[in-house]
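Okay, structure first, notes after.
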Amino acid sequence: MAPIIDQNPDLRRLRQEYARRAEKLETKSLYSSENPAYQWMISDRQKNILNLLSSTHTADLVDLRILEVGCGTGGVINEFIQLGAMPTRIVGIDLLLDRLQQASTDLPNCSWVNANGQHLPFQEKSFDLLLQFTAFSSILDLETKKDMAAEMLRVLKPGGHILWYDFIWNPTNPQTKGIGLKEIKFLFPGCELFPSRITLAPPLTRLLLPRYLQLANWLSSLKLLNSHLLVWIKKPD
């Protein structure tokens, strides 16, 4: 697995930003499985995903060919394996080779590809379901996002789906740019979208958990302070 060379300046910036985040997080436990706030956010997200899959009659993942764009070390893919997806039918792509190497160690039966989201190395109409979890909000250049969205639609089968989970806003990190529903519709023209607003803003969640669980649940139910969109995107048949 040889590292790719980035021609796009925004992707070079992104590679440097991911490296900076990784170094910073080495001394923090914000995304540790032992962190109660992180546990609660992941659990809440999984609950919403399960409800969405059930309501769209997609609860049975076993026969689906799945691709995650920006898979990192494979955490989201592992969640979908726990939901019934077959590892041998899953592919993850990421810019960072070290992340993919970790993913390959943890989930050896999946396929891992070091690739640029603007140039997906797959034939058109290859996948039933695509996953995009907080990759697009790290891209600041609109043309890059348009290219990535077009590539996702190219490799997605007619009538297939994209599961989108990303920030609406993230004011604490200038290296990200939130993406609202209007922009998602622009990026995926002609598609049918089913959105929901989830995930209580992480800084607020960290203040509340674990002491004020009921308050966190109540605030999340109001939606107003939720920072992410979960969107089921259906490609036309």
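Could you pull out the residue among K28, K47, K24 that is at pLDDT 95 or above and not aromatic (F, W, Y)? So that I can check it myself, show each step before the final result.
Working: K28 fails: at pLDDT 95 or above; K24 fails: at pLDDT 95 or above.
Among K28, K47, K24, only K47 is at pLDDT 95 or above and not aromatic (F, W, Y).
When you scan segment 156-179, do you find a residue that is within 18 Å of V91 (Cβ to Cβ), part of a loop (DSSP other than H, G, I, E, B) and in contact with a Cys (Cβ under 9 Å, 6 or more places away or on another chain), even just one?
no
D63 versus (1) assigned to a loop (DSSP other than H, G, I, E, B); (2) out of contact with any Leu (no Cβ under 7 Å at 6 or more places or on another chain); (3) under 24 Å from H119 (Cα atoms): which is the lone unmet condition?
Answer for D63: the failing condition is (3).
Confirm whether F167 is out of contact with any Lys or Arg (no Cβ under 6 Å at 6 or more places or on another chain) and without any contact (Cβ under 8 Å) to a residue 40 or more places away in the chain.
On the way: out of contact with any Lys or Arg (no Cβ under 6 Å at 6 or more places or on another chain): yes; without any contact (Cβ under 8 Å) to a residue 40 or more places away in the chain: no.
Spelling it out, it is not the case that F167 is out of contact with any Lys or Arg (no Cβ under 6 Å at 6 or more places or on another chain) and without any contact (Cβ under 8 Å) to a residue 40 or more places away in the chain.
Being over 18 Å from G160 (Cβ atoms) and touching a residue at least 12 places away in the same chain (Cβ under 8 Å) is the filter here, so list the residues in segment 77-97 that pass it.
Within segment 77-97, the subset over 18 Å from G160 (Cβ atoms) is 78-79, 81-82, 87-88, 94-97.
Those that are over 18 Å from G160 (Cβ atoms) and touching a residue at least 12 places away in the same chain (Cβ under 8 Å): N78, E79, I81, P87, T88, D94, L95, L96, L97.
Got a number for residues in segment 185-237 being touching a residue at least 60 places away in the same chain (Cβ under 8 Å) and in a loop (DSSP other than H, G, I, E, B)?
Within segment 185-237, the subset touching a residue at least 60 places away in the same chain (Cβ under 8 Å) is 194, 196, 198-200, 202, 205-206, 208-210, 213, 216, 220, 227-237.
Next cut, in a loop (DSSP other than H, G, I, E, B) only: 209-210, 235-237.
Counting residues in segment 185-237 that are touching a residue at least 60 places away in the same chain (Cβ under 8 Å) and in a loop (DSSP other than H, G, I, E, B) gives 5.
For segment 116-146, enumerate the residues that are in contact with a strand residue (DSSP E or B) (Cβ under 8 Å, 6 or more places away or on another chain) and β-branched (V, I, T).
Pass one, segment 116-146, residues in contact with a strand residue (DSSP E or B) (Cβ under 8 Å, 6 or more places away or on another chain): 117, 120-122, 125-137.
Across segment 116-146, the qualifying residue is only T134.
Which members of segment 154-176 meet the condition of being surrounded by 15 or more Cβ atoms within 10 Å (Cβ to Cβ) and out of contact with any strand residue (DSSP E or B) (no Cβ under 8 Å at 6 or more places or on another chain)?
If the condition is that a residue be surrounded by 15 or more Cβ atoms within 10 Å (Cβ to Cβ) and out of contact with any strand residue (DSSP E or B) (no Cβ under 8 Å at 6 or more places or on another chain), then Q175 is the only one that fits.
Looking for something in a helix (DSSP H, G or I), at negative phi, among the small types (G, A, S) and crowded, with 21+ Cβ neighbours inside 10 Å - is there at least one such residue anywhere in segment 101-119?
Initial filter on segment 101-119 (in a helix (DSSP H, G or I)): 101-106.
Filter again for at negative phi, leaving 101-106.
Narrowing further to those that are among the small types (G, A, S): 103-104.
After this cut, where a residue has to be crowded, with 21+ Cβ neighbours inside 10 Å as well, the list is 103.
For segment 101-119, residues in a helix (DSSP H, G or I), at negative phi, among the small types (G, A, S) and crowded, with 21+ Cβ neighbours inside 10 Å: present.
Filter segment 124-153 down to the residues that are free of Cβ contacts under 8 Å to residues at least 40 places away in the same chain and part of a loop (DSSP other than H, G, I, E, B), then identify the one that is surrounded by the fewest Cβ atoms within 10 Å (Cβ to Cβ).
If we filter segment 124-153 for residues that are free of Cβ contacts under 8 Å to residues at least 40 places away in the same chain, which is where we start, we get 124-125, 142-143, 147, 149-151.
Filter once more, keeping what is part of a loop (DSSP other than H, G, I, E, B): 124-125.
Values: E124: 12, K125: 14.
It comes out as E124.
Residue by residue, here is whether (1) of a type outside the set (D, E, K, R); (2) in a helix (DSSP H, G or I); (3) surrounded by 20 or more Cβ atoms within 10 Å (Cβ to Cβ); (4) touching a Ser or Thr at 6+ places or on another chain (Cβ under 9 Å) holds:
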position: Y38; (1), (2), (3), (4): yes, yes, no, yes
position: R45; (1), (2), (3), (4): no, yes, no, yes
position: L50; (1), (2), (3), (4): yes, yes, no, no
position: A59; (1), (2), (3), (4): yes, no, no, no
position: E68; (1), (2), (3), (4): no, no, yes, no
position: I77; (1), (2), (3), (4): yes, yes, yes, no
position: T88; (1), (2), (3), (4): yes, yes, no, yes
position: G92; (1), (2), (3), (4): yes, no, yes, yes
position: R99; (1), (2), (3), (4): no, yes, yes, yes
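The values are calculated or read from the model by the stated rules, or taken from the named source; none is laboratory data. Quantities reported herein were computed from a predicted structural model and do not represent experimental measurements. Cβ: placed from backbone, ideal geometry, glycine included. Neighbour counts: every protein chain shown.
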